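The block underneath contains the structure these notes are about, expressed in structure tokens.
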Amino acid sequence: MSKEMLEAFRVLEEEKHINKDDIIEAVTESLKSAYKRRYGQSESCVIEYNEKTSDFQVFTVREVVEEVFDSRLEISLKDALAISSAYELGDKIRFEESVAEFGRVAAQSAKQTIMEKMRRQMREVTFNEYKEHEGEIMTGTVERFDQRFIYVNLGSLEAQLSHQDQIPGETFKSHDRIEVYVYKVENNPKGVNVFVSRSHPEFIKRIMEQEIPEVFDGTVEIMSVSREAGDRTKVAVRSHNPNVDAIGTIVGRGGSNIKKVISKFHPKRIDAKTGLEIPVEENIDVIQWVDDAAEFIYNAIAPAEVDMVLFDETDNKRATVVVPDSKLSLAIGRRGQNVRLAAHLTGYRIDIKSASEYDQMEAEREAQLSEESSDSVETPESDSE
């Protein structure tokens with residue numbers, strides 16, 4: 001093995017942080033492979049690395065036998081005794097091979113092996129680096145676009161921002177600085193994939209942690225978030241300090257904190273009439289989180305009033321919410337948005353009923369029960385003489 005190649009490996013070790021043992025292992029395996037290609041087998045091959053000379057030695061090991069069938073694996077007792085009178089049948093004798101005969105092929109193979117190992121190690125380093133940021137917000141630069149993704153440069157790689165992870169209607173230009181939520185990091189043979197989002201509910205939560213000190217230090221905790229990005233979000237919060245109002249803290253004086261949160265991601269869309277960029281108004285409803293499921297659902301349906309919350313006896317994650325007739329459309333919301341967000345926020349499947357609809361259902365149920373009760377009464381038979 002040439003000193004030049006060993007010097008190249010030293011550079012790999014120092015500059016690319018490839019472990020010396022990995023280099024030695026790669027060269028050893030490459031020499032063994034080159035030996036096998038040259039001689040058709042590698043069973044008799046032994047590779048040794050000399051620390052003092054920083055070089056590799058290749059030996060063929062042959063067994064002393066009475067009759068030779070394979071000259072690469074065996075040597076006759078007569079020939080062995082010619083080398084040393086101490087040899088006996090069954091002894092193993094090592095013969096050094098000239099590395100120059102196949103060292104160039106081995107060096108190239110070793111280089112390829114080491115480069116592949118380096119790529120794997122660098123991929124692992126990159127994966128670990130971004131895996132630590134999974135569940136966090138990162139700032140990046142919009143680099144390029146295709147039909148599937150916006151590619152956001154986060155430093156050492158481009159993250160993928162899909163259409164569904166964008167806030168509907170917002171637009172970007174190359175070199176825009178944007179904040180994204182890292183929700184998944186994958187390591188695969190082709191490289192590290194980082195998937196980011198601006199529409200994810202956790203995006204709002206992390207922004208609030210950045211902008212509101214009481215959320216950052218844990219005084220006010222965000223319990224759950226449901227979001228339809230670019231339109232409306234519900235956030236359930238609670239306070240761990242009896243002297244701190246959770247909702248008031250999130251909203252801020254005159255809505256100052258909510259405004260800071262919204263301005264932080266400042267989504268924009270193109271107005272169809274004017275063709276100009278205008279801010280996307282995303283309303284954020286702040287809900288008081290409580291242990292009691294019925295009360296929590298009551299709060300989540302806001303701004304609509306609720307008469308009662310009834311839980312399904314056969315399904316512990318389903319609830320019926322009864323509201324005044326005049327509040328039915330408000331409780332359901334435009335295209336069912338309010339009840340859909342409330343369901344995601346609370347984790348319950350929610351059916352909305354108006355008070356009159358509920359009363360009618362109850363009347364029908366009572367009538368049916370009464371009828372079933374009447375049918376079950378046995379009429380005594382009269383005696384006939």
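The values are calculated or read from the model by the stated rules, or taken from the named source; none is laboratory data. Quantities reported herein were computed from a predicted structural model and do not represent experimental measurements. As a convention, Cβ positions derive from the backbone with ideal geometry for all residues, glycine included, and neighbour counts pool all protein chains shown. Each accessible area value is taken on the protein alone, full model and side chains, heavy atoms only, with ligands, DNA and RNA left out. Shrake-Rupley method; radii C 1.70, N 1.55, O 1.52, S 1.80 Å.
A simple count of charges around T346, restricted to other residues whose Cβ falls under 10 Å of its Cβ and scoring Lys, Arg +1 and Asp, Glu -1, yields +3. For segment 26-164, the share of accessible area belonging to carbon and sulfur comes to 46 percent (1.4 Å probe, ligands and nucleic acids excluded). For the chain, the longest principal axis of the Cα atoms and the long axis of helix 3-15 meet at an angle of about 20 degrees.
Amide H to amide H, with H built 1.01 Å from N, D55 comes under 5 Å of N50, counting only residues 5 or more places away or on other chains. Phi angles across segment 33-41 convert, under the Karplus curve 6.51 cos²θ - 1.76 cosθ + 1.60 with θ = phi - 60°, into 3J(HN,Hα) values of 5, 5, 4, 5, 5, 7, 10, x, 7 Hz, Gly and Pro given as x.
Carbon-plus-sulfur fraction of the accessible area of segment 213-289, 1.4 Å probe, in percent? Carbon and sulfur: 51 percent of the exposed surface of segment 213-289.
Between helix 256-265 and the chain there is an angle of about 40 degrees, using the helix long axis and the longest principal axis of the Cα atoms. The orientation-averaged projected area of the convex hull spanned by the Cα atoms of segment 169-320 comes to 14.2 nm².
Evaluated over the Cα positions of the chain, the convex hull gives a direction-averaged projected area, one quarter of its surface, of 45.5 nm². Evaluating 6.51 cos²θ - 1.76 cosθ + 1.60 at θ = phi - 60° for every residue in segment 316-326, the Karplus couplings come out as 6, 10, 10, 9, 10, 10, 9, 10, x, 3, 6 Hz, glycine and proline recorded as x. Heavy-atom accessible surface of segment 293-372, averaged per residue, reaches 58 Å², computed with a 1.4 Å probe. Rolling a 1.4 angstrom probe over the protein heavy atoms with all chains in place gives segment 181-225 an accessible area of 43 Å² per residue. Backbone amide hydrogens, once placed in the peptide plane, bring L73 within less than 5 Å of nothing, excluding anything fewer than 5 places away on its chain.
The base-10 log of I(q)/I(0) for segment 135-197, evaluated at q = 0.19, 0.27, 0.28 Å⁻¹, reads -0.65, -1.31, -1.40 [Debye formula, identical scatterers on Cα atoms, solvent excluded]. In a solvent-free Debye calculation with one equal scatterer on each Cα, what is log10 I(q)/I(0) for segment 293-372 at q = 0.12, 0.22 Å⁻¹, listed in the order of the q values? The calculated log intensity ratios at q = 0.12, 0.22 Å⁻¹ are -0.34, -0.97. To the nearest ten degrees, helix 103-131 and the longest principal axis of the Cα atoms of the chain are 20 degrees apart. Taking the inverse of the mean reciprocal distance over all distinct Cα pairs, the Kirkwood hydrodynamic radius of segment 56-199 comes to 20.3 Å. A 1.4 Å probe run over the protein chains yields, for segment 26-79, 56 Å² of accessible area per residue, whole-number rounding.
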